[in-house]
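Report on one structure; see the data block that follows.
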Amino acid sequence: MKCPVCGEDCVESAHEIINQLPSIFAPCPKCSARTLDKSAPLKEQSFREPCACGKRYIDETFAHIYTIFVEEGILSSSSPLKDVGYPLTHPGFAMATAPYLKKDTLVLLSPVVSSTAAERVVTEVPEIKGVVKCGRFVPGALDVDLAKEPQTYELLAGCDVRADVFYTQTHPVVTYKQQSRLHIEFPRGYDPKIVSVGAHIKHLLPRIFVDACCGAGTLGILGGMLGVPRVFLNDAWYAAAFWAGFNLKVNSEFLLVGSVHILKEYQDMENQPVRKEPELIAEAHGDQHIEVYHGDFRRLSQVLPRERGILTVIDLFEKGNSEFNKKLEQEWRGQVGGDVFIP
Ligand SMILES: [Zn+2]
Ligand SMILES: [Zn+2]
């Protein structure tokens, strides 16, 4: 599949990602590992090259980036190794041991990186897929009232599209995202929110499942995989709504739908990053009907069918107190009805 950020071939279907997991970050018999102290500076300004198999232990990749950052004057030779930034593997999944990375399997988030250093890292460090300058904030539209101006990180070099794999009661859900535009949600292997949503669906057997603040779409797609006939995903933040639609396509082989139609271009959606009125941006039809909207969930009732058997999950990023949540649930019941819960 063509990547909507870089236009290259950096997106695979869900089964291609899942099939790679057991071996993608495993060493070959000749791979070596040097464990480095992340809270100390790198002793000699040197790093080992990748193994003949093309993989390299993550600490060595970090040492390589560190030497570039020191040469570029971003870090001093007394800075601790961890000051390089935060590594996010592609794909992201719960791992028992630290990874041996191969080409294009790491997105680096760094608060200190410059454009020149980012270009050098992407060119010279084969494991790095993209470099993002991050800040002390979470990207996206995060507050319920959509009153705060959303912020994003900045992609400086390469491509920051990466996938996370979430284990569920049924098939794993693969969610791609552009990391500079969405909050980090690295899979831990056991995610209580996913388990609780799955349990609600299995218990209530809804005819309609609404993932009202869907982010990259994990919970809504889970609803689809658990066989709910009609699923609605929605988010007010353009990148969340777009990637939710895109991820419908990525996971469509495990849904009872024909082709998935993405109705908007990612770059066009960026012109109106936060929407209030719901706009349909992706849909898939077959034995199941799944629709993705870009808008304020408090106005989503405009497009929801007036039927019984609706289950809604409102997965807020900024969790309110229980009184606030109760009010929100009541408001939703008044507009839409059915069962609703805030995980
Ligand atoms: Zn890409
Ligand atoms: Zn090797």
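Read-outs: derived from the displayed coordinates by stated rules, not from any lab. Just so you know, these numbers come straight off a predicted model, no measurement behind them. We place every Cβ from the backbone using ideal geometry, glycine too, and count neighbours over all the protein chains shown.
General observations
- Expected 222 nm ellipticity per residue - DSSP helices of 4 or more, -39500 (n - 2.57), all of the chain, to 500: -7500 deg cm²/dmol
- Diffusion coefficient, µm² s⁻¹, Stokes-Einstein with Kirkwood Rh over alpha-carbon pairs of segment 122-245 at 37 °C and 0.692 mPa s: 209
- Size descriptors for segment 266-343 (Cα atoms only): Rg and Dmax, in that order, 14.1, 40 Å.
- Partner aspartates and glutamates whose Cα lies under 12 Å from the Cα of Lys2, excluding those fewer than 8 positions away in the same chain, are identified as Glu12.
- Neighbour-count order for Leu81, Leu304, fewest beta carbons within 10 angstrom listed first: Leu81, Leu304
- Each of Ser252, Ser32 has some number of other Cβ atoms within 10 Å of its Cβ, and from fewest to most they run Ser32, Ser252.
- In straight-distance terms, cross-link reach from Lys319 covers every one of the aspartates and glutamates whose alpha-carbon lies under 16 Å from its own, apart from those fewer than eight places away in the same chain; here that gives Asp143, Asp145, Glu185, Asp211, Asp235, Glu329.
- Full extension of the chain segment joining Ser23 with Gln267 gains 84.4 nm, where the gain is 0.36 nm per residue of separation less the Cα-Cα distance.
- Nonlocal amide H pairs with Tyr293, under 5 Å, H built at 1.01 Å: Leu233, Asn234, Asp235, Ile281
- Percent of alpha-carbon pairs separated by more than 18 Å within segment 14-161: 59
- Annotation for Lys193 and Lys276: the two label points, set 7 Å from Cα along the Cα-Cβ direction, are 2.6 nm apart.
- Principal axis extents of the C-alpha atoms in segment 191-341 (largest first, rounded to whole Å): 38, 33, 32.
- DSSP bridge orientation in the chain - percent antiparallel, rounded to nearest 5: 55
- Pairs of Cα atoms nearer than 8 Å and 6+ residues apart set the relative contact order; for the chain it is 12 percent.
- Alpha carbon centroid spacing (whole Å) that separates segment 151-224 from segment 232-305: 14
- Ellipsoid equivalent to segment 1-85 - semi-axes via the Cα gyration tensor, in Å: 29, 19, 11
- Residue-span extension gain [His203 to Ser77] - 0.36 nm each, minus C-alpha spacing: 39.6 nm
- For Tyr167, Tyr176, order by how many other beta-carbon atoms lie within 10 Å, fewest first: Tyr167, Tyr176
- Shape summary: the chain maps onto an equivalent ellipsoid whose semi-axes, from the alpha-carbon gyration tensor, are 38, 21, 18 Å in decreasing order.
- Distant alpha-carbon pairs in segment 195-248 (separation over 17 angstrom), percent: 29
- Pairs of alpha carbons in segment 71-134 whose separation is greater than 19 Å (percent): 32
- Amide H contacts under 5 Å for Gly286: Gly258, restricted to partners 5 or more places along the chain or on a different chain, H placed in the peptide plane at 1.01 Å from N.
- Label-to-label distance, nm, for residues given as Glu318 and Glu119 (7 Å Cα→Cβ offset): 3.8
- Of all lysines in the structure, those lying under 26 Å Cα to Cα from Lys326, and not within fewer than 8 positions of it along the same chain, are Lys148, Lys193, Lys202, Lys276.
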